[in-house]
Amino acid sequence: PVGTTSLLSSGRLEPRKGVIEWLEAAMRVARENPAVHFDFIGADMGLQRPLVKRLPRTLRPRFRFHGSKHREELPRFLAGARAAVVPSRWENFPNVCVEAMRSGLPVIATRLGGMVELVEDGRTGWLAAETGVAGMVDGLAEALRRCLAASADERASMGRAAAEAVRRICDNDRIADEQLAFRAEVGRLGVQPARAFPGLSCRAQRDVQALGPVTEQVEPGCAGIVLRV
C-alpha cells in the first residue's frame with residue numbers, strides 16, 4: 001500500500017508526461033533517501049518495461065507501477081501520498097494537478113505548462129527550475145529534495161494552501177465572468193484583418209494578402225491567426 005513516504009505521479013506513461021526524466025530524478029534521490037517510495041498511476045503507452053529496466057534491482061521494489069485506475073480509486077492513492085508529481089515536458093492546464101491540490105496535496109511540477117498558474121513555489125508545492133527539457137532531471141531532483149526536507153507540519157500547511165488556491169483559481173463563477181468579459185471585449189474590438197505580419201515568409205505574406213482587402217499593418221493589442229493547410 002502507498003504511504004506518507006510515497007510520491008505519486010498520475011498520468012499516461014508516455015514521453016510527453018515527463019516520466020522518463022522523473023524516473024531519473026527519483027532514482028538519484030532514492031539512493032540518498034532509503035525510506036521514500038514512488039507510485040505511478042496511468043495507462044502504459046509502451047514505456048513501463050523500459051522504465052523498469054532502467055532501475056537498479058536494489059531500487060525496483062520502491063518504484064511501483066499500478067497501471068490505469070478508475071477515477072473513483074484515485075482518492076485512495078492521493079490520501080496516502082506525501083506529494084503529487086506533475087513532471088510533464090509540456091502541458092496545458094492539467095486535471096491531475098487540480099485533483100491533487102483539491103485533495104490537499106502539495107505538488108512537485110515542472111514550469112513547462114499550466115502548472116505554473118496553479119502551483120506557487122514554496123507555498124503550495126515545489127516547482128523545478130526553469131531549465132527547459134534539457135535540465136528537467138536536475139530541476140526535478142532538486143524540487144524532490146526540497147519536498148522531502150519539509151516537515152510534516154510544513155507539508156500539511158502547504159496542502160491546505162493548495163486546496164484553498166485551487167478552489168479560488170478554478171471557481172466556476174469567476175471563470176465564467178472572465179470568459180464573458182473577454183468575449184465582450186473581442187466583440188467590442190471587432191474584426192480587423194491585417195496584412196503586415198512581421199516574421200512571416202514571403203509566401204505566407206502573399207497568402208494573407210490573397211484573403212482580400214486588408215489594413216496596412218497590425219494594430220497594437222490585436223492578434224492574428226494564419227492557417228496554412
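Key figures
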read-out: Kirkwood Rh, Cα atoms: Rg over Rh of the range 28-172; value: 0.94
read-out: Cα→Cβ-extended label distance, 7 Å offset, between Asn172 and Arg49, nm; value: 4.5 nm
read-out: DSSP-assigned coil residues among GluC sites (Glu not before Pro) in the range 83-167, each with at most 12 further Cβ atoms within 10 Å; value: Glu130
read-out: Two-site FRET efficiency, Glu32 against Val133, from Cβ-Cβ distance with R₀ of 30 Å, rounded to 0.05; value: 0.80
read-out: Two-site label geometry, Arg145 and Leu180: point separation in nm, points 7 Å out along Cα→Cβ; value: 5.0 nm
read-out: Residues of the range 54-85 with amide N under 11 Å of a point placed 7 Å along Cα→Cβ from Arg16; value: none
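Every number here is computed from the coordinates shown, using simple stated rules; none is lab data. Everything numeric in this text was worked out from a predicted model, so none of it was measured. Every residue, glycine as well, gets a Cβ built from its backbone with ideal geometry; the counts of neighbours run over all protein chains shown.
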